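Chemist: One structure, as structure tokens, below. Some questions next.
Values in this text are rule-based calculations from the coordinates and carry no lab data. This one's a predicted model, so the numbers in the text were calculated from it and none came from an experiment. Here Cβ is always computed from backbone atoms with ideal geometry, including for glycine, and neighbour counts include all displayed protein chains.
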Amino acid sequence: MRYSTFGKSGYKVSSLGFGAMNLPSVPLEQAREALNYALDHGINYIDTAAAYRNSEEIIGECISHRRQEYFLATKTGARDYATAKAEIERSLVRMKTDHVDLLQIHYVNNVTEYKKAMEVGGAYEAALEAQREGKVRFIGISGHRPDLLVKWIAKEQFSQILFHLNLAQPFALDELIPKASEMGLMKVAMKPLSGGFIQPVDRAIRYPYSQDVHVTISGMVSVKEVQENLAAQEKEVGTEERLELEQLARELGEHDCRRCNYCSCPVEIAIPDVMIASKFREKFGLLPKGDGFFQRQKEKILSCADHDPCKVVPLCEAKCPYQLPMQSVVQKAASFY
Ligand code: SF4
Ligand code: SF4
């Protein structure tokens, strides 16, 4: 594992961060062991969000007594001042701390949401106020649209940026990471396994580790998973391996889906997952996670071809900012059953 200076904070942050999103799914004692094991083995960045069920409470319960040992990042999904202010206060209570190191304006994926959060009376105002009061040290932003995030960080209102970077989604490398580096921002990559579709864990983790980011947050729920993630960062990535991983990412990223989720489907097909898992199937055949996913979605995927409102213009495609051919990818997935 590597330690680097985290943007302009002066903090030496570990290259592996603990993503606490899934901790509410496991018994509290298991979460306690995983979190403490991570801290014992040098991980010093903990990421959560107000929206991750009781994840913040678990952090408060399990590691608040070690508060000096980690950089604590949370998020508010609120867009207005009053809700964001209440959420920040609640996060502090839940995590049994008087401040968070980083508050991210969470999941900002379109201009309307961004404007709401940034206007007078928006969530950003609550974040600034909390910063003045010493409750928040730095303010960042997270989202799934690297092309928009790059424009928003250029306005110089954020110290940190949280984006997807994995073998199936290398898109932040185009403009976002170079811009964030030029500005000296804290760069945090998320979803190294792309929701579990990328295997093996070792390669998945080594890809963002090979790139110009400070921290990769990986969602972990057990000591075993922390060990696997730590092992993947044990040795540095050499040039040859990096080039190989970059080539793989170019191929697996050919679906071009950013997971912005604009494309809600009336029959509830999980379109971004179909786009990404289909590319994996093309390259590697069906992996266990993909198999389970396609089985669960079977009836829905099969119904796509019969959905009358989509016969002339697919409803999903009309909403995609990247004009992707989702209907044909879904229908190709149907042909495999
Ligand atoms: S074309 Fe298929 S995937 Fe797209 S919205 Fe219609 S039913 Fe859903
Ligand atoms: S298919 Fe298009 S709209 Fe849907 S998540 Fe991917 S990029 Fe966004």
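Chemist: Output wanted: per-residue J couplings in Hz (rounded whole) for the stretch 12-22, from phi through Karplus 6.51 cos²θ - 1.76 cosθ + 1.60, θ = phi - 60°, x for Gly and Pro.
Modeler: 8, 9, 6, 6, 10, x, 8, x, 9, 4, 8
Chemist: If you don't mind, there's one more thing I want to ask. Determine the distance separating the Cα centre of the stretch 1-63 from the Cα centre of the stretch 165-197; give it in Å without decimals.
Modeler: Measuring centre to centre over Cα atoms gives 19 Å.
Chemist: For the peptides 223-234, 42-53, what is the packing order when you average, over each peptide's residues, the other Cβ atoms within 10 Å and list the highest mean first?
Modeler: Numbers: 223-234: 17.5, 42-53: 21.5.
Highest to lowest by the protection proxy: 42-53, 223-234.
Chemist: Counting only helical runs of four or more DSSP H residues, what would the 222 nm mean residue ellipticity of the chain come to if each run contributes -39,500 (n - 2.57) and the total is spread over all its residues?
Modeler: -12500 deg cm²/dmol
Chemist: Arranged from highest to lowest average of other beta-carbon atoms within 10 Å per residue, in what order do the peptides 76-87, 166-177, 241-252, 101-112 appear?
Modeler: Output ranking for 76-87, 166-177, 241-252, 101-112: 166-177, 101-112, 76-87, 241-252.
Chemist: Based on the mean of other beta carbon atoms within 10 Å per residue, what is the order of 117-127, 24-34, most packed first? Write down the numbers at each step before the final one.
Modeler: Values: 117-127: 19.9, 24-34: 15.2.
Descending packing order for the listed peptides: 117-127, 24-34.
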